[in-house]
1. Leaving out same-chain residues fewer than 8 places away, which lysines sit with a Cα under 26 Å from that of Lys330?
2. Filter the trypsin sites (Lys or Arg not before Pro) in the range 69-158 to those in DSSP coil with at most 13 other Cβ atoms within 10 Å of their Cβ, and list the result.
3. Between Ala139 and Arg320, what is the FRET efficiency for a Förster distance of 51 Å, r being their Cβ-Cβ separation, to the nearest 0.05?
4. Normalising by the residue count of the range 113-172, find the relative contact order in percent from Cα pairs under 8 Å and 6+ residues apart.
5. About the Cα centre, and with charges only on the beta carbon of Lys, Arg (+1) and Asp, Glu (-1), how big is the dipole of the range 259-321? Nearest 20 debye, please.
6. Stretch Ala310-Arg98 to full length: gain in nm at 0.36 nm per residue minus the Cα-Cα span?
7. Filter the GluC sites (Glu not before Pro) in the range 49-118 down to the DSSP loop ones having no more than 13 other Cβ atoms within 10 Å, then list what survives.
8. Would you please classify the overall shape of the range 185-342 from the alpha carbon gyration tensor, given that a ≥ b ≥ c denote the square roots of the eigenvalues, rounded means a/c under 1.5, and beyond that prolate means a/b larger than b/c while oblate covers the rest?
Amino acid sequence: MSTDTETSTAGHPGAGAAFIELDRLEKVFDVRRRTGFLRGERRQVRAVDGISFRVERGEMVGYIGPNGAGKSTTIKMLTGILTPSGGSLRVAGIDPSRERTRLAHRIGVVFGQRTTLWWDLPLRDSYRLMHRMYRVPDARFRANLDRCVELLDLGELLDVPVRQLSLGQRMRGDIAAALLHDPEVLYLDEPTIGLDVVSKAKVRQFLRDLNAERGTTVLLTTHDLTDIEQLCSRVMVIDHGRLMYDGALAGLHEVGESERTLVVDLERELPPIRLESEPSVRTVKVEGPRQWLAFPASASAAPLVARIAAEYPLADLSVREPDIEAVIAKMYARERPGEPVT
Ligand SMILES: Nc1ncnc2c1ncn2[C@@H]1O[C@H](COP(=O)(O)OP(=O)(O)OP(=O)(O)O)[C@@H](O)[C@H]1O
Ligand SMILES: [Mg+2]
């Protein structure tokens, strides 16, 4: 943990203030689009359109939504990279765009799509530079590095230039880089993008431990609902720059009436599976011996699997999670008739 004392800023009373606080935050981009030779039109994009929320210290929150929803723009404002067009924002009592450098010592950021490491340098040298930049005490730095190397399996990679790392290796390197200065909050913008199943599991376990042992506050953006399911007790959904949902993941499934899919491989081709005892299950597709069964995401797959195994010649199966886009699309469709989503 950082040895910094809690900052209390004038006009922002310490009591009752959350660790991260957004109040009707806005970001409007002016974009010019070429419509012809020497001709163009100006347009405004409301990337973040009045978002308010509070995150308490130690929370792990999922921040999800479809492409272009405004997630990365929010994170850029939270780190001070972008200045808001309206509303207000505080992280640990600090206004990020006004005091970006002071805030930098207390936050860590991982942009899955882009590295913060030096492309031509071995990982070890990038970390050394960060050690100096953040003025981390030597013993602290070594302890943090050792821990990251062990838990993220970086031992073999420390002397490899970043450009030679695979995407998954580079991502683990980036996560370590974001943590060497003991940040109190970690923003992760798609940290599992392009990772294989084993690397994803490793990264998730690492983040869970970090949160449990150090109380690091985590804001996580992802298109993989499993990340959220395994890490976050709370999820916020944004679409078109607005907050559509803030609550438990289970509640999101209910609101979005989302479904998971059981992919069943039978030993031979059979007519569509029908289970009298499970009326909410529908067989949605049959392809040779493989069948796809949709069932409510809020239900457990276990009894369903047991029934199928008892009644059909089962060879193999797997469960597919609903994708966030589908959940949001349904939520959106349902919200339109004037039904508020909470
Ligand atoms: N620098 C910029 N200039 C102009 N428009 C921008 C800029 N950055 C983002 N936008 C626009 O703002 C909107 C929100 O973009 P943002 O990157 O925040 O989305 P996102 O939720 O992170 O999406 P994704 O899931 O694809 O990463 C998009 O319409 C995007 O085109
Ligand atoms: Mg993004």
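Rule-based calculations on the coordinates, nothing more; no lab input. These numbers come from a predicted model, not from an experiment. Cβ atoms come from the backbone with ideal geometry, glycine included; neighbour counts cover every protein chain shown.
1. Cα-Cα hits under 26 Å: Lys71, Lys285.
2. Working: sites: Lys71, Lys76, Arg90, Arg98, Arg100, Arg102, Arg106, Arg114, Arg124, Arg128, Arg132, Arg135, Arg140, Arg142, Arg147; in loops: Arg98, Arg106, Arg114, Arg135.
For trypsin sites (Lys or Arg not before Pro) across the range 69-158 that sit outside H, G, I, E and B with at most 13 neighbouring Cβ atoms in 10 Å, the list reads Arg98, Arg114, Arg135.
3. Values: r = 47 Å, r/R0 = 0.91.
Calculated transfer efficiency: 0.65.
4. Working: 38 pairs, mean separation 31.0, N = 60.
With pairs under 8 Å counted, the relative contact order is 52 percent.
5. Values: 8 positive and 10 negative charges, 28 e Å.
Dipole of the range 259-321, to the nearest 20 debye: 140 debye.
6. On the way: separation 212, 0.36 × 212 = 76.32 nm, distance 6.35 nm.
Computed gain between Ala310 and Arg98 is 70.0 nm.
7. Values: sites: Glu56, Glu59, Glu99; in loops: Glu56, Glu59, Glu99.
Those satisfying the criteria are Glu56.
8. Values: a/c = 2.45, a/b = 1.48, b/c = 1.66.
It is oblate, given that a/c is not under 1.5 and a/b is not larger than b/c.
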